[in-house]
Amino acid sequence: MAKRYEYWNKEMELKNRKELDEIQTKRLRAIVKYCYEKVPFYNKRFKEIGLHPDDIKTKEDIVKIPITKKQDLRDNYPFGMFAVPLTEIVRIHASSGTTGKPTVVGYTKNDIETWTELMARTIMAPNVTKEDIVQNAYGYGLFTGGLGFHYGAERIGATVIPISGGNTERQILIMQDFKSTVLTCTPSYSLFIAEYMKNQDIDIESLSLRVGIFGAEPWSDSLRKKIEDALHIDAIDIYGLSELCGPGVSVECPEKAGLHIWEDHFIPEIINPETSEQLGEDEQGALVFTTLTKEGIPLLRYLTNDISILNYEKCNCGRWHARMKKVIGRADDMLIVRGINVFPSEVEYQLMKIPGVSENYQIIVDRDILDILTIRVEVTPEYFSDKISDMEALKDKIEKHLKANLQIHANVEFAAPGSIERSIGKAKRVIDLRKDKI
Ligand code: DLL
């Protein structure tokens, strides 16, 4: 059977490479001028290096513009990077971050409209339509997940259930009674819901779910398989960050071969996070985005620190919008264990391949003289055994598998069933005890 591909804005979504490049060049020149004139931070920065908006003529000239970092937003907390007075701002969102003050973003009326349009495209790309009932279990509030999905799903005419995150028992009741067909939440929360149903002996077939749109945190392909098997759905990856709008920067189409970035609104680049040098297609590095249409808080070459690879080939779905490979993690979350670099999602990918290892795990990094990596895992009930020798054999198997596939030595510890904290939002899987030591 031929695959089905839905589009919310066919005209824009099916623009070819040349058309997209033309749109980007035109919009880039305009946004650079706008930033220079409206944001004192950019005006000062351009003048410091003797750069003028007229120097940006082509898309290639983008490399002349300095990188904007999260620290720049922090230094201008809360509203210093806004390009318009607060009277033009109709909404504020913020991301909590792990330390310090939140990163604050403001939206004009047009920004909300653009974001809604992008979320409509994003939700429809995995073939969700007005026929669907969307159970939106992303948190509503300063976090962009809840309201971002809400507006986008309403725009395509789907029926939205604004349930927000948490209260898992109620989530399941509503899912059964309202016959939700789409679940939107973090991948870790979807697993929590699946586990809860299993523990309560709820038959998955009593649900009408067919698609899940999951993001806001890294999740490996082997976790995707676990979610798809547990909930009998198609699990789709969605990416975004508050600084660019929230969710709605990129999403997978049914091909699941990378996430399409809405290039008429963002120019993506990959850079070497250490040298800031721009890297080519197919090279792995940190994602950088320039917003092309934002009015409230436009950003030029914003460093996300998320590690990915770009691909500009046309996709089977007909879209030319560049695809970013599933994010493997943030550059600053990379673990360096005894000189070996490893991303938590790579550990997850390998762990989830081993029968008996559940999706509930934690990575603990500590330091004695050298770094010590400990993986705490809960074993699935079928593999749990009273016999010490069985458990020893499983521990040995996991340690050998990690060593063989990631070249790292990790100590595996088993945690009691249910003892590792479940998450209704972004999961905290890595505990770095080195931070408290010198
Ligand atoms: O997490 C926006 C969002 C909401 C995206 C709902 C998708 C779904 P922030 O709270 O600002 O915004 O966090 C942004 O989360 O820089 C990545 O490090 C991470 N992230 C977001 N989506 C993904 C993903 C929202 N699909 C930060 N895969 C980003 C991996 C992701 N990491």
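The values are calculated or read from the model by the stated rules, or taken from the named source; none is laboratory data. Small disclaimer: the values here were computed from a predicted structure and weren't measured. Glycine also receives a Cβ, built like all others from the backbone with ideal geometry; neighbour counts cover every protein chain displayed. Quick note on the areas: whole protein, heavy atoms, side chains included, nothing else; ligands and nucleic acids left out. Shrake-Rupley method; radii C 1.70, N 1.55, O 1.52, S 1.80 Å.
Among the complete DSSP H segments of the chain, which ones combine at least 24 Å of alpha-carbon extent along their axis with a mean Kyte-Doolittle hydropathy of -1.0 or more?
The qualifying helices are 388-406.
Taking the Cα centre of each part, how many Å lie between region 125-184 and region 191-235? Rounded to whole Å, the Cα centres lie 15 Å apart. Accessible area per residue was computed with a 1.4 Å probe on protein heavy atoms; VAL90 scores about 90 Å². Surface composition of region 1-331: carbon plus sulfur atoms hold 50% of the accessible area, using a 1.4 angstrom probe and ignoring ligands, DNA and RNA.
Average accessible surface for the chain: 45 Å² per residue, computed with a 1.4 Å probe over protein heavy atoms with every protein chain in place.
What is the gain in length, in nm to one decimal, between SER208 and ARG170 on full extension, counting 0.36 nm per residue of separation less the C-alpha to C-alpha distance? Walk me through the numbers on the way to the answer.
Working: separation 38, 0.36 × 38 = 13.68 nm, distance 1.59 nm.
The span from SER208 to ARG170 would gain 12.1 nm if fully extended.
In whole percents, the pair-distance distribution calculated for region 1-331 from its alpha-carbon pairs, binned every 20 Å from zero, is 32, 57, 11, 0.
Helix-derived [θ] at 222 nm for the chain: sum -39500 (n - 2.57) over DSSP H runs of at least 4, divide by residue count, nearest 500?
Using -39500 (n - 2.57) per qualifying helix, the result is -9000 deg cm²/dmol.
For region 385-437, trypsin sites (Lys or Arg not before Pro) meeting the loop criterion (DSSP other than H, G, I, E, B) and having at most 14 other Cβ atoms within 10 Å: LYS387, LYS428, LYS437. Here MET334 sits with roughly 60 square angstrom of accessible surface, probe radius 1.4 Å.
So the label point goes 7 Å from the Cα of GLU131 along Cα→C-beta, right? Which residues of region 137-171 then have their backbone N under 15 Å from it? The answer is 157-159, whose backbone nitrogens lie closer than 15 Å to the label point. Rolling a 1.4 Å probe across all protein chains gives PHE178 an accessible area of roughly 110 Å². Note on region 1-331: antiparallel DSSP beta bridges, both residues inside, total approximately 65 percent of the bridges counted.
Dipole size of the chain about its Cα centre, with +1 on Lys/Arg Cβ and -1 on Asp/Glu Cβ: approximately 880 debye, rounded to the nearest 20. Each residue, ILE67 and GLN407, gets one label point 7 Å from its Cα in the Cβ direction; the gap between the two is 2.4 nm.
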